[in-house]
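Notes to accompany the following structure.
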Amino acid sequence: MQQPNFFAKKRMNTLLFCALLLVMTLIAVMITNYNVIKGFTSIPKAAEWAFSNFYPNEKALKRLPVIISSLSETVLVSIAATTVAALFALMFAIAGSNTTGTGGVFSFVSRSIATIFRNIDVAAWSMILLISFGQNVLTGYFALFFGSFGFLTRAFTESIDEVSSSSVEALKSTGASYFSIIFQSVIPSCIPQLISWILFMMETNIRQATLIGILTGTGIGFLFSLYYKSLNYSAASLIVLVLVLAIFSIETVSNYLRKVIL
C-alpha cells in the first residue's frame, strides 16, 4: 500500500513544481513585456540569416593561421591561470577544511576570501581589472585566475572534507606532524578528485576566455569581435567553428584523463 502512495506523492510534487515554474515564467513575461509569439516567429528569420551569411568561405580560410595563433594564446593563458590558481586554492582549502584546517579565525578568513572570489563573475573581474591593467593579456589572466581560485577553493575544500577522518586521527595518534598528515594521507586520498576539478576548470576557462577577450581586447575573443564588428561574418564564423572543435578536442582529452585517473 505504501508504494502507490509514494508514486502518487512523487507525481503530485512534480505537478506542483511544473505549475510553479509555469507561474514564474508568466510573471517574468508580464514584468519584462516579452513578446513570446514574436520571439518564436523570429527564429526562422534568424536561421535563414545565419545560413546565408554566417559560414566560412575561401577568403576566410586565409585568416586561419592568425585565428590558430590567437586561439593558442587563449588556451595557454587559460591553462596557466587555472594551474596557478589551483596551487593557491589547495593551500586555502587545506587551511579552511574541517578535516585539515587549524580552525579559528584563520579557517574563517580562508573560507570568506574564497567565497568572495567565487561570487564575483569573471566578466566582472575583467571590468574591474581593466581599470588597473588596461586592455592586455595580463587583465584576462588575472580575471581567469581570480574566478578559478574562488571556485577551486570551494571544490577542493569539499573534496578534502570527504576524506575519512579516521586515517587522519590514526596518524595523529602515532605522533605524525601536521604536514606529514597532509602529504601522506589527505592529498593522496583526494588527488583524483582534485585533478578532475582542475580539468573541469580548464575547460570552463577556455570558454570564458573568449568573452574575456572581447572585454579586454586580447586573444580569440578580440579577433571574433573585430571581424564581427567589421561585418566580416565569414571570418567570424570560422572562429566559432575553430573554437567548437578546440573545446570538443579538449573535452575529449579531459574525459579520457578522468577515466584513467578515477
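The values are calculated or read from the model by the stated rules, or taken from the named source; none is laboratory data. No experiment lies behind these values; they were computed from the predicted model shown. So basically every Cβ, Gly included, is an ideal-geometry build from the backbone, and we count neighbours across all protein chains shown. Only protein heavy atoms, including side chains, enter the accessible area calculation; ligands, DNA and RNA are left aside. Shrake-Rupley method; radii C 1.70, N 1.55, O 1.52, S 1.80 Å.
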Query raised in the report: How much net charge surrounds Ile239 when only other residues with a Cβ under 15 Å from its Cβ are counted (Lys, Arg +1; Asp, Glu -1)?
Result: +4
**Report entry** In Hz, Karplus ³J(HN,Hα) per residue of region 61-72 (6.51, -1.76, 1.60; θ = phi - 60°; x = Gly, Pro)
**Finding:** 5, 5, 8, 4, x, 5, 5, 4, 4, 5, 5, 4
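So what are region 79-165's ellipsoid semi-axes, whole angstrom, largest first, if each one is the square root of 5 times an eigenvalue of the alpha-carbon gyration tensor?
Numbers: eigenvalues 147, 31, 16 Å².
Equivalent ellipsoid semi-axes, largest first: 27, 12, 9 Å.
Report the gain in length on full extension from Leu241 to Phe183: 0.36 nm times residue separation, minus Cα-Cα distance, nm rounded to one decimal.
Numbers: separation 58, 0.36 × 58 = 20.88 nm, distance 4.34 nm.
Extra length available between Leu241 and Phe183 comes to 16.5 nm.
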Query raised in the report: With each label point set 7 Å from Cα along the Cα-Cβ vector, what nm distance links Ile128 and Thr252?
Result: 3.8
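So what's the chain giving for Cα Rg divided by 2.2 N^0.38 Å, two decimals?
Details: Rg = 24.1 Å, N = 262, 2.2 N^0.38 = 18.3 Å.
Here the Cα radius of gyration is 1.32 times the empirical estimate.
Quick check: convex hull of the Cα atoms in region 200-262, volume per residue, rounded to a whole Å³?
Working: hull volume 3.7 nm³, N = 63.
Roughly 58 Å³ of hull volume per residue.
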Report summary line: Between the modelled labels at Lys9 and Val29 (7 Å from Cα along Cα→Cβ) the distance in nm is 3.4
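May I ask you to give the solvent-accessible area per residue for the chain, in square angstrom, as obtained with a 1.4 angstrom probe? All intermediate terms of the calculation are to be shown ahead of the outcome.
Working: 16070 Å² over 262 residues.
Dividing the accessible area of the chain by its residue count gives 61 Å².
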Query raised in the report: Just from the alpha-carbon atoms, what are the Rg and Dmax of region 23-65 in angstroms?
Result: 17.9, 51
Query raised in the report: Once phi is turned into ³J(HN,Hα) by the Karplus curve 6.51 cos²θ - 1.76 cosθ + 1.60 with θ = phi - 60°, what whole-Hz value does each residue of region 50-56 show in order, with x for glycine and proline?
Result: 4, 5, 8, 10, 9, 8, x
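What do you get for Rg/Rh of region 1-98 when both radii come from the Cα atoms and Rh is the Kirkwood radius?
On the way: Rg = 25.8 Å, Rh = 20.7 Å.
Ratio of gyration radius to Kirkwood radius for region 1-98: 1.25.
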Query raised in the report: What percentage of the solvent-accessible surface of region 14-132, computed with a 1.4 Å probe over protein heavy atoms, is contributed by carbon and sulfur atoms?
Result: 74
Report task. Please state, to two decimals, what the Cα-based radius of gyration of region 118-262 comes to when divided by 2.2 N^0.38 Å (N = residues). Result -> 1.38
Report task. Return a whole-number percent for the relative contact order of the chain, with Cα pairs under 8 Å and 6 or more residues apart as the contact set. Result -> 25
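Cβ neighbours within 10 Å, averaged per peptide: list 206-218, 116-128 in order, most packed at the top. Please report the intermediate quantities before stating the final value.
Details: 206-218: 21.9, 116-128: 16.5.
Averaged packing, sorted descending, gives the order 206-218, 116-128.
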Report summary line: If R0 = 45 Å, then Leu21 and Phe54, at their Cβ-Cβ distance, give a FRET efficiency to the nearest 0.05 of 0.85
